[in-house]
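The values are calculated or read from the model by the stated rules, or taken from the named source; none is laboratory data. Predicted model only: the values in this text are computed from it and were never measured. For neighbour counting, all protein chains shown are included, and Cβ atoms are generated from backbone atoms with ideal geometry for every residue, glycine included.
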Amino acid sequence: MDELKAFLELTTMLVTDPRIVVLFCLLGYAVVSDVRSHRIPNRLVLAGLGFGFIYSAFVPFWGHHGFLWALGGAAIGFGVLFPLWLLRMMGAGDVKLMAMVGSLLGVDAVPAALAATLIAGAVFSVGFAARRGKLRQMLANVGRILRIGSFAVATGGPVSAAANGWESVGKMAFAVPIATGTVGAVLARHFGFL
């Protein structure tokens with residue numbers, strides 16, 4: 001009986017909030033594209049951003065928090081992952097995808113999605129490197145990037161220099177952790193766990 005109630009609550013959420021339906025559909029498409037070609041199409045991100053901004057202007061998240069709430073969510077999503085792109089730890093498409101997620105979730109919900117995404121990304125990255133037999137190399141890369149990157153940020157030097165001279169362990173489709181973390185955070189928030 002509890003499972004049926006949970007299913008009905010989830011269905012109600014999807015039917016009553018088009019932002020979540022669009023978000024889940026676009027994340028699914030992004031995952032398929034990233035896994036197949038290691039690319040997230042700009043048209044997908046632009047469509048999600050456009051929908052998030054326009055829909056929120058007419059149907060605010062709550063109260064009067066509409067377009068600016070979506071714009072702030074996009075800025076937070078972009079701003080948190082942008083330094084990881086500078087350090088070459090992820091692609092530009094991943095950063096833009098998280099901005100799209102932010103526009104559809106808004107300022108108040110995007111931090112949980114970001115936290116869940118970063119946790120999922122760490123778990124997936126360790127599994128990815130371990131499966132390829134390159135876990136030690138990945139950990140060495142992360143340590144080097146953190147040391148040199150934080151020094152570069154503190155001194156105002158070029159952050160991208162932190163990623164030079166290290167051996168990549170391979171390309172991982174980061175849309176998978178973004179989708180996993182975002183969907184998990186949305187569901188956890190809906191069912192009152194966040």
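What to note about this one:
- Looking at Met98, Met89, just one residue is aliphatic (A, V, I, L, M), under 21 Å from Asp34 (Cα atoms) and at pLDDT 90 or above, and that residue is Met98.
Yes/no per residue for (1) modelled with pLDDT under 70; (2) in contact with a Cys (Cβ under 7 Å, 6 or more places away or on another chain); (3) not in a helix (DSSP H, G or I):
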{"position": "Leu139", "(1), (2), (3)": "no, no, no"}
{"position": "Arg144", "(1), (2), (3)": "no, no, no"}
{"position": "Gly149", "(1), (2), (3)": "yes, no, no"}
{"position": "Ala161", "(1), (2), (3)": "yes, no, no"}
{"position": "Trp166", "(1), (2), (3)": "yes, no, yes"}
{"position": "Thr180", "(1), (2), (3)": "no, no, no"}
{"position": "Val186", "(1), (2), (3)": "no, no, no"}
{"position": "Gly192", "(1), (2), (3)": "no, no, yes"}
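- Scanning region 39-90 for residues that are touching a residue at least 60 places away in the same chain (Cβ under 8 Å) and either loosely packed, with under 14 Cβ neighbours inside 10 Å or not in a loop (DSSP other than H, G, I, E, B) (or both) turns up Pro83, Leu86.
- Some residue of region 120-134 being at pLDDT 90 or above and more than 27 Å from Glu167 (Cα to Cα): no
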